[in-house]
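J.: Got a structure for you, written out below as structure tokens; questions coming shortly.
The values are calculated or read from the model by the stated rules, or taken from the named source; none is laboratory data. These numbers come from a predicted model, not from an experiment. FYI the Cβ positions are ideal-geometry reconstructions off the backbone, even for glycines, and counts take in every protein chain you see. The accessibility values were calculated without ligands, DNA or RNA, using every heavy atom of the protein model including side chains. Shrake-Rupley method; radii C 1.70, N 1.55, O 1.52, S 1.80 Å.
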Amino acid sequence: MANKEETISFEEAMEQLEEVVDKLEQGDVPLEQAIEMFQQGMDLSKQCHVKLEHIEKQMDQILHEDGEIEELDLSGEDQE
């Protein structure tokens, strides 16, 4: 099942995470199931974080029309 989880999109992972959170917030879940759902939620959260870090690294570079790559500072801090 780990391979399936690795291939889901960011949007699918977020949707599943929201479902887990909604069910846990309802409080009608037996303790053992709640623990399993919490662990699943943590795994989904980690997957989303990894996917976001990967996208951020891709966005750190922009390919210009002339083929040159320019590093971008997406942190918003001015470096003078």
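J.: Go through (1) modelled with pLDDT of 90 or more; (2) of a type outside the set (Ser, Thr, Tyr); (3) open to solvent by less than 100 Å² (accessible area, probe 1.4 Å); (4) within 11 Å of the chain's Cα centre (by Cα) for ILE55 and report which single condition fails.
T.: Here ILE55 meets the rest and fails (1).
J.: To continue, here is another question. Among (1) over 30 Å from GLY27 (Cβ atoms); (2) open to solvent by 100 Å² or more (accessible area, probe 1.4 Å); (3) modelled with pLDDT of 75 or more, which single condition is HIS49 missing?
T.: Of the numbered conditions (1) over 30 Å from GLY27 (Cβ atoms); (2) open to solvent by 100 Å² or more (accessible area, probe 1.4 Å); (3) modelled with pLDDT of 75 or more, the odd one out for HIS49 is (1).
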